[in-house]
Amino acid sequence: MVNDIKKLQSATLPASLRREQLYRFCDPSLLDFTSTENLESLDNQFGQDRALEALRFGVDIKHDGYNIFLLGSTGVGKHHLLLDFLEREAGVQHQISDWCYVNNFQTPHKPRVLRLPPGMGNRLQADMARFVEDLLVSIPATFQSDEYQARLQELGENYQEREKNAFQALSEKAKSKNIALLQTPSGYTLAPMRDNEIMASADFEALEETEQKKTLAVIEELKDELKSIIRQIPLWKKESREKFKKLNREFSQLAIDQLFAELNNRYQEEPSVLDYLKSVQANVIENADAFRQSAAESSEPENMKHRVREFPEYSVNVLVSNEKLDRAPIIYEDNPTFSNLVGRVEHISQMGTLLTDFTLIKPGVLHQANGGYLVLDVVKVLSNSFAWDMLKRTLKAREIRIQSLDQLLSFASTTQLQPEPMPLDIKVVLTGDRYIYYLLEQFDPEFGQLFKVAADMSEETERSPENTRFFARLIATLQRRQQLQPLEPGAVARVIEYCARSVEDSEKLSLHLDQLSDLLCESDYRARQSGGNLTRAEHVQQAIDAAIRRLDQLREKAHESILRDIQLVDTAGSRVAQVNGLSVYLLGHYSFGRPTRITATARLGHGGVLDIEREAKLGGKIHSKGVMIISSLLASRYARNQPLPLSATLVFEQSYGGVEGDSASVAELVALLSALTGVPVNQSLAVTGSLNQLGQVQAIGGVNDKIEGFFDICRARGLSGDQGVIIPRANVVHLMLRRDVIDAVEAGQFHIYSVATVDQALELLTGYQAGTADREGNYPADSLNGLVLTRVRGLNELQKKFSMKDDDSKGDESQHGDD
């Protein structure tokens, strides 16, 4: 049957792709400079118009929730772009302030927050320290003044005189009644007298009873008056103390008012400071005695510093000082833990006890960036316990509340500081990969409310003449930033071509700045090793080759197993139901291709197409989808008006890991049709391509690696001039092949064909005409598709025969049973 099919003439086969289709070289006329030293630097914003537009919108809009998420893969330059943009365009739009915590004299465990103009925080802190020093000098001096001492002595004498006069009057009254008032070590007592002499007990007992009673009655009366005087002494002392306090307050205020008048004058434009100074003044006047150490002792500098530290309640904790900033703060936090974001309250240990006060409050980056911009890596935020929830809560409340995790989780039962929350005015910019953004958008309802601006960075840009010139300037910028040697135009051209290969598209350029910077550094290393003062194209190529070689061992082992016939791949001859497919292995940033044998079987049956990879649980979902499309295509083409009595199997031979993707769909269909018709497949060719249900060949990924993988095997075995690779026509634009592959194609030793339909691939792989279907779905009898259709009809006839035999045998069994 195969011999009846019309043989295709070589002239009707599609031509191999031309050299210019395999690699897009950089136009030398676009690089009209002698070295990158002649080029102006280019900012980090090249090719990122979409992201910059979103950033500008997010920065300018002032409504709640318009924080920014900068999307882009790792290494694309998110950090540099963002900081450069914020420094240039967003720094002057926010009002910045100093932030301080001061003592709350009414409730010390709730320190007060002060918002001050830039620089005023440090000034207030210094003024309060100097104020305490002045108090330590002026108050002792005031209390040692002659006027105060005279007033103090007067108060003391008045109290003593009052007490003395009271007892003197009682003594005279008692004396007039022949009773003596005596002062003993244990207090006062009364005794009878005669002739101004105290009577002895015997003499008193010798008196007549009436006289004794009369004397005792007088003594009892005087005792009551004595008790009354003694009871009044504490009241007199209290009055005296109040007068002493009033005197101290009067003289303290004389010393303090002058100092506070100066402070109030300096901060008369700041109501919050004036309110704070008012509470300080009241507290100092109330506790003036604490400052009354002698001025001589306090005047020594070291002793003065020590004494000032004894009064932390009057100090100012400058949490954030923006004195040196002339624009909004831009803060990047590399370790966004809970405490690094929201701040913390530290403790000191004294005598085994942990103590704290408002001076031990430490700021977080939210405090430091308040009034400006905070840049965070979203992965690092999510990786730190409670940091993400705290950040959302803070942005939602628009205030920073300093809490420890112990306090938040109710682990601490002791009294802790509760600093007054700080008002928050900030733009938070998260940076991260796209999949994290979409995961948060999908599963965190609050995320979309708080980060309403998505700035999506481009991974690539058009390779137009204008962009090529811009890219040369970008290379010059990175060269200067990394302090590298200048590059000649040929080296710049090779770098541009490498960037097109990196993005797998000859019409695009990769904007992956880290990868580009690494190539420039490694090329510079090669240039310096050669002793040159310019980086040339050969140095760039050496760097590319060396980077591949560092990761190339697995590729070498995989190819070696094929060349030693451990893994079976034919590169010559023809085989039935056997096709060379192409696979790509991704190992981090490194990838390589290699051929894989795909085989098929086909026979009469009802099972359809069995995917062995799927049955063995080695096939992925996309690969299984591809096999289902093949089944649909078979039925649509060859069994439109009849059953498809086929049981077929497909397998990647010697595959011991997972198989994913649909890029082998063309190869699998060709193997199936070969198994069905017995038409051999040319093993000198490998094929890759995805299929749809209409038989159109669709683009696949990794086309350069796949071609180079099969080329390496063929070259190692010897190029015959018949070998080559069939790729989808849509992938031609993606070709940026190695120079040795291009040279072999140009010499006619290797071929690369592009196809748009599976029929074109069939003709190349089998050498037979595929044929075109008519309106009824019939193909010419002398075509490959006609042969398939004939084979399907033959299988249907066989199925009918077997069905008739089964019916006859069942009828015989029924008749035999009736007998």
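Structure values in brief
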read-out	value
Pair list, Cβ < 6 Å and 6+ apart or interchain, from the stretch 687-706 residues that are among the β-branched types (Val, Ile, Thr) and surrounded by 23 or more Cβ atoms within 10 Å (Cβ to Cβ) to residues that are in a loop (DSSP other than H, G, I, E, B) and modelled with pLDDT under 90	THR688/SER663; ILE700/SER663
Criterion: open to solvent by 70 Å² or more (accessible area, probe 1.4 Å), touching a Ser or Thr at 6+ places or on another chain (Cβ under 9 Å) and at pLDDT 90 or above - qualifying residue of VAL569, VAL576, VAL540, VAL584	VAL576
Residue in the stretch 665-674 that is within 20 Å of GLN723 (Cβ to Cβ) and among the polar types (S, T, N, Q) present	yes
Residue match in the stretch 525-542 (condition: hydroxyl-bearing (Ser, Thr, Tyr), in a strand (DSSP E or B) and in contact (Cβ under 8 Å) with a residue 24 or more places away in the chain)	yes
ALA747 in contact (Cβ under 8 Å) with a residue 40 or more places away in the chain and not charged (D, E, K, R)	no
Pick from the stretch 547-566, criterion of a type in the set (A, V, I, L, M) and touching a helix residue (DSSP H, G or I) at 6+ places or on another chain (Cβ under 7 Å), ranking: most open to solvent (accessible area, probe 1.4 Å)	LEU563
Residue that is most open to solvent (accessible area, probe 1.4 Å), among those in the stretch 594-634 that are part of a helix (DSSP H, G or I) and either of a type in the set (Lys, Arg) or under 17 Å from ARG791 (Cβ atoms) (or both)	LYS621
Residue in the stretch 782-789 that is of a type in the set (D, E, K, R) and at pLDDT below 85 present	yes
Top-ranked residue of the stretch 128-140 - restricted to ones that are open to solvent by 50 Å² or more (accessible area, probe 1.4 Å) and in contact (Cβ under 8 Å) with a residue 24 or more places away in the chain, ranked as farthest from the chain's Cα centre (by Cα)	VAL137
Residues being over 20 Å from PRO271 (Cα atoms) and among the hydrophobic types (A, V, I, L, M, F, W, C) - total across the stretch 120-135	3
Residue count for the stretch 692-730, restricted to those that are under 24 Å from SER506 (Cα atoms) and among the small types (Gly, Ala, Ser)	6
First in the stretch 623-636 and of a type in the set (Ser, Thr, Tyr), second anywhere and modelled with pLDDT of 85 or more, Cβ under 6 Å, 6 or more apart	SER632/GLN693
Residue satisfying condition, being surrounded by 12 or more Cβ atoms within 10 Å (Cβ to Cβ) and either in contact (Cβ under 8 Å) with a residue 24 or more places away in the chain or not charged (D, E, K, R) (or both), within set THR184, THR215	THR215
Check on LEU520, assigned to a helix (DSSP H, G or I), under 30 Å from the mean Cα position of the chain (by Cα) and buried (at least 18 other Cβ atoms within 10 Å of the Cβ)	yes
Close pairs from the stretch 270-287: first closer than 11 Å to PHE260 by Cα, partner open to solvent by 30 Å² or more (accessible area, probe 1.4 Å) and in a helix (DSSP H, G or I), Cβ under 8 Å, at least 6 apart	LEU274/ASN264; LEU277/ASN264
Residue in the stretch 657-680 that is without any contact (Cβ under 8 Å) to a residue 40 or more places away in the chain and more than 16 Å from GLY593 (Cβ to Cβ) present	yes
Odd one out for VAL381 among (1) closer than 20 Å to LYS452 by Cβ; (2) open to solvent by 10 Å² or more (accessible area, probe 1.4 Å)	(2)
Residues of the stretch 613-622 that turn out to be touching a residue at least 40 places away in the same chain (Cβ under 8 Å) and farther than 16 Å from THR649 by Cβ, as a count	2
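Residue by residue, here is whether (1) of a type in the set (Phe, Trp, Tyr); (2) assigned to a helix (DSSP H, G or I); (3) surrounded by fewer than 24 Cβ atoms within 10 Å (Cβ to Cβ) holds:
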{"site": "GLY709", "(1), (2), (3)": "no, yes, no"}
{"site": "ASP722", "(1), (2), (3)": "no, no, yes"}
{"site": "ASP740", "(1), (2), (3)": "no, yes, yes"}
{"site": "ASP743", "(1), (2), (3)": "no, yes, yes"}
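One line per residue, one yes/no per condition, for (1) aromatic (Phe, Trp, Tyr); (2) open to solvent by less than 50 Å² (accessible area, probe 1.4 Å); (3) at pLDDT below 85:
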site: TYR332; (1), (2), (3): yes, no, no
site: THR337; (1), (2), (3): no, yes, no
site: VAL342; (1), (2), (3): no, yes, no
site: VAL345; (1), (2), (3): no, yes, no
site: SER349; (1), (2), (3): no, no, yes
site: THR353; (1), (2), (3): no, no, yes
site: THR356; (1), (2), (3): no, yes, yes
site: THR359; (1), (2), (3): no, yes, no
site: ALA369; (1), (2), (3): no, yes, no
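Yes/no matrix, rows are residues, columns are (1) modelled with pLDDT of 75 or more; (2) among the hydrophobic types (A, V, I, L, M, F, W, C):
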{"position": "PHE204", "(1), (2)": "no, yes"}
{"position": "SER228", "(1), (2)": "yes, no"}
{"position": "GLU242", "(1), (2)": "no, no"}
{"position": "ASN248", "(1), (2)": "no, no"}
{"position": "SER252", "(1), (2)": "no, no"}
{"position": "ASP257", "(1), (2)": "yes, no"}
{"position": "ASN265", "(1), (2)": "yes, no"}
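The values are calculated or read from the model by the stated rules, or taken from the named source; none is laboratory data. Note that the coordinates shown come from a computational prediction; the quantities given were computed from them, not determined experimentally. Positions of Cβ are backbone-derived with ideal geometry, glycine not excepted, and every protein chain shown enters the neighbour counts. Areas reflect the complete protein model, heavy atoms only, side chains present, ligands, DNA and RNA absent. Shrake-Rupley method; radii C 1.70, N 1.55, O 1.52, S 1.80 Å.
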